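In what follows, a structure is listed as structure tokens, so that the remarks can point back to it.
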Amino acid sequence: MILAIIVGMSIVTIVPRFIPAFIVGKVKFPNWMNRWLNAVPYAALGALIFPGIMNVIPERPWLGILGGAAAILISFFGVNVIFAVIGAIVTVYLLNTYNVLDLFQFLGV
């Protein structure tokens, strides 16, 4: 019985993954749909990354936002993605370690 459940669940999982692979090659989409489908990976990536940015340090979500902004700024220079990630990590680390934002609040800026 357990084996039948496992096989059935694997079939139910595999079928929706393989059907698009066979259909997409045979169907001709209009240009507007191709442009829309090309944007889907970036939208999905943003939806996956943004909650993590907000929860880097739960009490201080602005640190994650500034780290994400640093990654965006670094990526505009066209460097490898690992440098953008390292830049974001270093930014959040430095801001958290040296409490730079608390210094700005102390100064009234």
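The values are calculated or read from the model by the stated rules, or taken from the named source; none is laboratory data. Note that the coordinates shown come from a computational prediction; the quantities given were computed from them, not determined experimentally. Glycine gets a Cβ as well: all are built from the backbone with ideal geometry, and neighbour counts include every protein chain shown.
Checking each residue in the stretch 34-46 for being surrounded by 10 or more Cβ atoms within 10 Å (Cβ to Cβ) and either in contact with a Gly (Cβ under 6 Å, 6 or more places away or on another chain) or more than 25 Å from Ala88 (Cβ to Cβ) (or both) picks out Asn34, Arg35, Trp36, Leu37.
Return yes when Ile14 is aliphatic (A, V, I, L, M), out of contact with any Gly (no Cβ under 7 Å at 6 or more places or on another chain), touching a residue at least 12 places away in the same chain (Cβ under 8 Å) and outside the structural domain of Ala84 (by TED's automatic domain parsing) and no when it is not. When the stated conditions are applied, Ile14 does not pass them.
Checking each residue in the stretch 60-77 for being outside any helix (DSSP H, G or I) and farther than 18 Å from Leu45 by Cα picks out Arg60, Phe77.
Could you tell me whether the stretch 20-30 includes any residue that is β-branched (Val, Ile, Thr), modelled with pLDDT of 90 or more and out of contact with any Ser or Thr (no Cβ under 7 Å at 6 or more places or on another chain)? No, there is no match, as no residue in the stretch 20-30 is β-branched (Val, Ile, Thr), modelled with pLDDT of 90 or more and out of contact with any Ser or Thr (no Cβ under 7 Å at 6 or more places or on another chain). For the stretch 31-56, the candidate set comprises residues that are at pLDDT 85 or above and of a type in the set (Val, Ile, Thr); within that set, the residue that is farthest from the chain's Cα centre (by Cα) is Val56. Of all residues in the stretch 47-76, those satisfying the criterion of being farther than 14 Å from Gly87 by Cβ and either in contact (Cβ under 8 Å) with a residue 40 or more places away in the chain or exposed (fewer than 10 other Cβ atoms within 10 Å of the Cβ) (or both) are Ala47, Leu48, Pro51, Pro58, Glu59, Arg60.
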